[in-house]
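To keep things clear, I will list the structure first and then write my remarks on it.
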Amino acid sequence: MKLDCYKIYDVAPEIVPGRSNRDWMDAFPDRQPYRCLPLSMANSTGWEILCPIDLNISWNGGPGKSDIQFTTKSDPRAIASFADSHFQRGIVTFHAGHLFQTEPGWGLWTMGAPNHFKDGIAPLSGLVETDWLPFPFTMNWQMTRPGSVVFKKGEPFCFIMPMQHKLLEDIEPERKLLSSNPQLESDFKNWATSRQNFNDKLVAGDPESRKAGWQRHYMRGETTTGDAAEAHQTKRRLKPPRDV
């Protein structure tokens, strides 16, 4: 599977594999959010496109193009090729600097980096048919209120994840009572009982439970009865783009 990243000009924003760490996760005592494996796996399931400059964005709340102002501590001439207010109404448009091509049937889900929050501005997600598209897409963010936000150099402004989106139309969701699957219901009840017992011991100050801190069934890829999952990952190791 190839993901072709064509630089439109000689200089383009850097693209790196998604990083699992987040500042807000690091700030928790004992880095508790990293116990939630789905969080860190989501953070690293895709590629980040990084800001090439520090960029300050100010919006006065107005609907026009001139109501958004961009400044930088870097060369101000770099702003025009990177960010503007093309759609107006508080929307900031970033230029990824690349034209992406994927294999037939594959597209790119474009969004902000998962679980990476910015106060005052929110990323707009898109699904791009990059298996035929001969021109680049833009990454857009919506200012959520008048004020200023800063994107630091090296901070992700776009996150891309290839997906075979057309296969989704072949999926047939079915809702069932859990009792219709006796084995799954039994496994669920075992988990629920184990979870409640562990939490009760934590509240009661049980030394062993407090030392353990949390149950690690999902992290280890096993059920409460010790049955191991056939396929389980705790880290995502994506390849960085290479220049050819």
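Please report, in Å, the Rg and the Dmax of the range 93-234, where both are computed over Cα atoms only.
Rg then Dmax for the range 93-234, in Å: 22.5, 63.
With Rg and the Kirkwood Rh both taken from Cα atoms, where does Rg over Rh land for the range 1-85?
Values: Rg = 17.6 Å, Rh = 16.2 Å.
Using Cα coordinates only, the ratio equals 1.08.
In what sequence do Trp59, Trp106, Trp214 fall when counting other Cβ within 10 Å, fewest first? Show your work: numbers first, answer last.
On the way: Trp59 22, Trp106 18, Trp214 13.
The order, fewest Cβ neighbours first, is Trp214, Trp106, Trp59.
Placing +1 on the Cβ of each Lys and Arg and -1 on the Cβ of each Asp and Glu in the chain, which of Phe135, Gly105, Gly221 has its Cα farthest towards the positive end of the resulting dipole?
About the Cα centre, the residue reaching furthest to the positive side is Gly221.
Within the range 3-32, find all residues whose amide N lies under 17 Å from a label point positioned 7 Å from the Cα of His86 along Cα-to-beta-carbon.
Taking a point 7 Å out along Cα→Cβ of His86, the residues of the range 3-32 whose backbone N falls under 17 Å are 6-9, 12-13.
Viscosity 1.306 mPa s, temperature 10 °C: give me the Stokes-Einstein translational D for the range 47-96 in µm²/s, with Rh taken as the Kirkwood radius over C-alpha pairs.
On the way: Rh = 11.4 Å.
So the translational diffusion coefficient is about 140 µm²/s.
With the contact rule set at Cα under 8 Å and sequence spacing of 6 or more, what percent relative contact order holds for the range 3-169?
On the way: 356 pairs, mean separation 47.8, N = 167.
Dividing the mean separation by the residue count of the range 3-169 yields 29 percent.
Per-residue ellipticity at 222 nm for the chain, helices alone: DSSP H runs ≥ 4 residues times -39500 (n - 2.57), over residue total, nearest 500 deg cm²/dmol? Intermediate results must be reported in sequence, preceding the final value.
Numbers: 5 runs with 44 residues, N = 244.
The helix contribution divided over the chain gives -5000 deg cm²/dmol.
Looking at the range 195-244, which trypsin sites (Lys or Arg not before Pro) are in a loop (DSSP not H, G, I, E or B) and have at most 11 other Cβ atoms within 10 Å? Could you put the intermediate results ahead of the total?
On the way: sites: Arg195, Lys201, Arg210, Lys211, Arg216, Arg220, Lys235, Arg236, Arg237, Arg242; in loops: Arg216, Lys235, Arg236, Arg237, Arg242.
Qualifying residues, ordered by number: Lys235, Arg237, Arg242.
As I understand it, the value is the acute angle between the Cα axis of helix 182-204 and the longest principal axis of the Cα atoms of the chain; what does it come to in degrees, rounded to 10?
For 182-204 against the chain, the angle is about 90 degrees.
Let me check I have the definition right: for the range 180-244, take the eigenvalues of the Cα gyration tensor, multiply each by 5, take square roots. What are those semi-axes in whole Å, largest first? Numbers along the way, then the final one.
Working: eigenvalues 211, 82, 13 Å².
Over the Cα atoms of the range 180-244, the semi-axes work out to 32, 20, 8 Å.
Can you sort Ile68, Ile79 from fewest to most other Cβ atoms within 10 Å of each residue's own Cβ? Spell out each step's value before the answer.
Numbers: Ile68 21, Ile79 15.
Lowest count first: Ile79, Ile68.
Could you tell me what % of all Cα pairs in the range 147-186 have separations over 12 Å?
Values: 608 of 780 pairs.
Result for the distance tail: 78 percent.
Once both labels are modelled 7 Å past Cα along the beta-carbon direction, what's the His165-Ala228 spacing in nm?
It works out to 3.8 nm between the two label points.
Against the globular-protein guess of 2.2 N^0.38 Å, express the Cα radius of gyration of the range 3-169 as a ratio, rounded to two decimals. Mind showing how you got there, number by number?
Values: Rg = 16.5 Å, N = 167, 2.2 N^0.38 = 15.4 Å.
The range 3-169 yields a ratio of 1.07.
Show log10 I(q)/I(0) for the range 1-41 at q = 0.21, 0.30, 0.31 Å⁻¹, two decimals, from a solvent-free Debye sum over equal Cα scatterers.
Each listed q maps to, in turn, -0.73, -1.07, -1.11.
Throughout, read-outs are computed from the coordinates displayed, never taken from laboratory work. As the structure is a computational prediction, the values presented were derived from the model and not from experiment. FYI the Cβ positions are ideal-geometry reconstructions off the backbone, even for glycines, and counts take in every protein chain you see.
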